[in-house]
Every structure is written in structure tokens, then in C-alpha cells.
Amino acid sequence: MSASRIRSHRRNLLRLLGAGAATHMLPFGIGRAGAADKLVVGVIYVGPRDDFGYNQAQAQAVAVIKKLPGVKVIEEEKVPETVAVQKTMEAMINQDKATLIFATSFGYFDPHVLKMAEKYPSVRFAHCGGLWTEGTHPKNVGSFFGYIDECQYLNGIAAASASKGKKLGFIAAKPIPQVLRNINAFLLGARSVDPKATVRVIFTGDWSLPVKEAEAANSLIDQGVDVLTCHVDSPKVIVETAERRGAFSCGYHASQAKLAPKGYLTGAEWDWQTPYTQIIKATIEGKPMVNFLRGGLKDGFVKPSPFGPAVSAEARKKSDAVKAAMMKGDFPIFKGPLVDNSGKTVVAAGKVLGQQDPLLEGMNYLLDGVIGQI
């Protein structure tokens with residue numbers, strides 16, 4: 001789907017949710033006057049909404065849905081992945097009368113969202129990143145996520161094109177499948193430019209540990225790494241450290257371009273308003289809960305950051321060509337033979353893993369070329 005068609009599709013969704021949209025279909029009485037008749041949507045963030053990263057990307061989507069007629073949004077930030085999130089969800093349900101909750105952090109899913117979903121079967125819970133399973137998880141729970149490994153592959157192209165020493169760095173929070181998939185996609189993108197490129201990875205242990213992130217960034221640069229990227233909640237510290245040390249950076253979650261005017265190459269950004277709007281639309285129309293929602297570049301779930309000044313014309317051309325193929329659905333990232341960094345074949349020769357392949361949702365390895373351990 002072209003970018004113009006994606007924008008047109010989004011405008012159509014917003015019009016459908018407009019004041020004149022099929023009021024007789026709305027189970028919550030949306031469209032009638034009075035705030036009490038609105039669909040109340042709760043959104044929970046694990047960190048601050050202005051973190052230049054994961055939470056900010058979610059908040060940007062929430063800013064869009066706040067403008068939808070018949071929708072009222074309740075937000076709570078800095079809620080840890082503990083029983084605290086259960087208390088927040090219960091408060092939203094019992095005090096604010098929320099009937100749809102977006103739980104945006106990975107650790108909210110099991111057991112917290114699942115426990116609340118069983119306790120409140122009439123409330124819908126949309127979780128970001130969880131792996132909803134038919135026959136195992138409640139029907140009023142759904143998971144949504146984007147194939148942002150496509151943009152991380154594009155990050156790898158830009159990174160290897162800019163690198164002089166063939167040493168790239170990746171700072172990650174936890175070795176969960178989504179993170180490993182991003183690291184491996186970044187490597188494959190880099191190796192499409194330079195087959196000898198390597199990616200050194202450091203796991204910090206949690207989503208937001210600024211001191212450890214700074215230490216990891218400095219450590220990697222001291223080892224000769226000249227391009228950094230990451231999968232942590234807020235890339236701010238990492239991008240700023242790279243800029244200060246004269247290294248390049250590729251962003252994640254949202255744009256960090258203004259933090260690194262010289263060294264920012266591009267970034268892998270979420271466009272969460274697409275799944276948010278689809279889930280709200282289904283709720284308003286009284287359709288079943290959207291249990292498993294995924295999409296990539298062609299679906300408008302993710303997007304690359306604009307190129308920075310340090311990206312060469314050749315790198316831009318290559319990246320744009322790969323992006324165009326991804327937009328058509330003609331560019332599988334993971335195709336065999338692929339070997340992990342212990343020497344084990346993880347994708348056999350001739351085998352292609354499409355973006356919806358469940359094997360990718362359960363990825364548990366680092367590819368050959370990634371220096372680091374799970």
C-alpha cells in the first residue's frame with residue numbers, strides 16, 4: 001500500500017468515527033450528547049510520555065484518538081510492571097468507567113492483563129507486544145504490535161553505509177523475542193551493505209536504566225563502534241552520548257533527530273495511531289475484540305525517520321529501494337540459510353520466514369555476526 005493510500009485509509013477511519021457515524025450501531029451510546037455516553041479508553045504507560053522513545057510514540061497516537069468524537073481518554077504514566085498496573089486498571093474501570101484499556105508495556109501482559117481480563121469480562125484489554133493465543137487467553141484480550149524489524153533493517157543499511165570500522169553497536173533492555181528480532185534484522189540490513197559488518201550487543205537488564213545505557217554506549221564506542229542503535233524505552237541518553245562522542249546513531253520508537261543534528265542517520269519509528277484507531281473502531285461498532293493485530297510498513301504501523309545529513313546518496317537510494325519492496329510485501333528479512341552465533345542453523349537453506357511466521361514471534365537466538373550472549 002502506498003503512503004498516499006495509507007493516509008487516505010486513515011482519513012477514512014477517522015471519518016467513520018465522526019459525529020455522523022452509524023450511531024445506532026454503537027453499544028456505548030456514542031454519538032449522543034453527554035460525556036457519560038462516551039467510550040472511555042484507558043491508556044497506561046510504563047514511563048513518562050515525553051521520553052523521546054517508546055512511551056512518547058504511544059502518547060503521540062493517544063493525542064490523535066483524543067480528538068475522535070465520542071471517545072474520552074484517561075491516561076496514567078510511570079506505572080511499573082507489577083501489581084501496581086492491576087490497581088491502575090481497576091481504578092480506570094471502577095472509577096472512570098473505562099471499557100477499553102490499552103496496556104502498553106510488555107510486562108503488563110502476563111499475569112496482570114490476563115488476571116484483570118478474567119475479573120472484568122465486559123472490559124476489553126489491548127496489549128502492546130503480547131502474544132495472544134487462541135484457546136489459552138481470554139477473548140476480551142487482544143495484542144497489537146508492528147513489524148518494526150523492517151525499519152531496523154533499514155537502520156542497518158544506513159549504519160553500515162556510514163561506518164568506517166565495520167563495528168556497529170546495539171544497546172538492548174532484555175533478550176525477549178521482539179528485541180532479538182530487531183537486533184538480528186539490524187545485522188542483516190548492515191550485512192546487505194557490508195558482509196563483514198558486526199553488531200556488538202549489550203543488554204542492560206531493564207527498559208529504562210539511563211546510567212547503564214550511558215555506560216554501555218561509552219563502552220561500545222571505546223571498543224571502536226562508530227554507529228549505535230538500541231531497543232530501550234528512551235533512546236535519549238544513547239543518542240546524546242553518541243553525538244557527544246562523535247559517533248553516528250540510528251533512532252528507535254520515535255524520532256530523536258533533534259538530539260543529534262550531526263550524527264543521527266535515520267530511525268525506526270512506530271505509528272501507533274493505526275492499530276489504536278482500528279481497535280477503537282471495532283469496539284464502537286460492537287465487533288468482537290481484535291485478538292491479534294500486526295502490521296508493518298505497508299500497513300502504516302511503522303515508519304522510518306527522515307534521513308540525516310550524514311547519510312550518503314548511495315545509502316539513501318539503497319534504503320529507499322528496500323523500503324519500496326517492503327511496502328509491496330516483496331522483501332522477507334529472514335531467509336535461509338541463517339546460522340546463530342553459536343554455529344547452529346536456525347533457518348534452513350531455502351526456507352523463508354514471512355513476517356507473520358510464529359517462529360519469528362518466538363525468536364530466541366542471535367545471528368552469526370552479532371557479538372554478545374543472551
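The values are calculated or read from the model by the stated rules, or taken from the named source; none is laboratory data. Since we're looking at a predicted model, the values are computed, not measured. Because the Cβ atoms are built from the backbone with ideal geometry, glycine has one as well, and the counts that use them run over all protein chains shown. Quick note on the areas: whole protein, heavy atoms, side chains included, nothing else; ligands and nucleic acids left out. Shrake-Rupley method; radii C 1.70, N 1.55, O 1.52, S 1.80 Å.
Data for the structure
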quantity	calculated
Close pairs (8 angstrom Cβ cut-off, 6 or more residues apart or separate chains): acidic (Asp, Glu) in the range 111-128, surrounded by 14 or more Cβ atoms within 10 Å (Cβ to Cβ) anywhere	118/138
Pairs where the first residue, in the range 260-288, is touching a residue at least 12 places away in the same chain (Cβ under 8 Å) and farther than 16 Å from residue 126 by Cβ and the second is polar (S, T, N, Q) and part of a loop (DSSP other than H, G, I, E, B), C-beta under 6 Å, 6+ apart	266/305; 267/255; 267/305; 269/305
Checklist (1) in a helix (DSSP H, G or I); (2) modelled with pLDDT under 95; (3) not acidic (Asp, Glu) applied to residue 117, failing item	(2)
Any hit, the range 173-193, residues being surrounded by fewer than 23 Cβ atoms within 10 Å (Cβ to Cβ) and part of a strand (DSSP E or B)	no
Members of the range 36-74 found to be buried (at least 20 other Cβ atoms within 10 Å of the Cβ) and without any contact (Cβ under 8 Å) to a residue 24 or more places away in the chain, listed by number	59
Residue list for the range 289-330, filter: hydrophobic (A, V, I, L, M, F, W, C), without any contact (Cβ under 8 Å) to a residue 12 or more places away in the chain and open to solvent by 40 Å² or more (accessible area, probe 1.4 Å)	313, 321, 324
Selection status of residue 77, of a type outside the set (Lys, Arg), open to solvent by 20 Å² or more (accessible area, probe 1.4 Å) and in contact with a Lys or Arg (Cβ under 9 Å, 6 or more places away or on another chain)	yes
When residues of the range 139-162 are limited to those that are open to solvent by 10 Å² or more (accessible area, probe 1.4 Å) and at pLDDT 95 or above, the one nearest to the chain's Cα centre (by Cα)	147
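Here's the yes/no breakdown for (1) modelled with pLDDT of 95 or more; (2) part of a helix (DSSP H, G or I); (3) in contact with a Lys or Arg (Cβ under 9 Å, 6 or more places away or on another chain):
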site	(1), (2), (3)
318	yes, yes, no
321	yes, yes, no
324	yes, yes, no
330	no, no, no
342	yes, no, no
350	yes, no, yes
360	no, yes, yes
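A quick yes/no check of all residues on (1) open to solvent by less than 20 Å² (accessible area, probe 1.4 Å); (2) more than 16 Å from the chain's Cα centre (by Cα); (3) aromatic (Phe, Trp, Tyr):
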position: 222; (1), (2), (3): no, yes, no
position: 228; (1), (2), (3): yes, yes, no
position: 233; (1), (2), (3): yes, no, no
position: 247; (1), (2), (3): yes, yes, no
position: 252; (1), (2), (3): yes, no, yes
position: 255; (1), (2), (3): no, no, no
position: 263; (1), (2), (3): yes, yes, no
position: 275; (1), (2), (3): yes, no, no
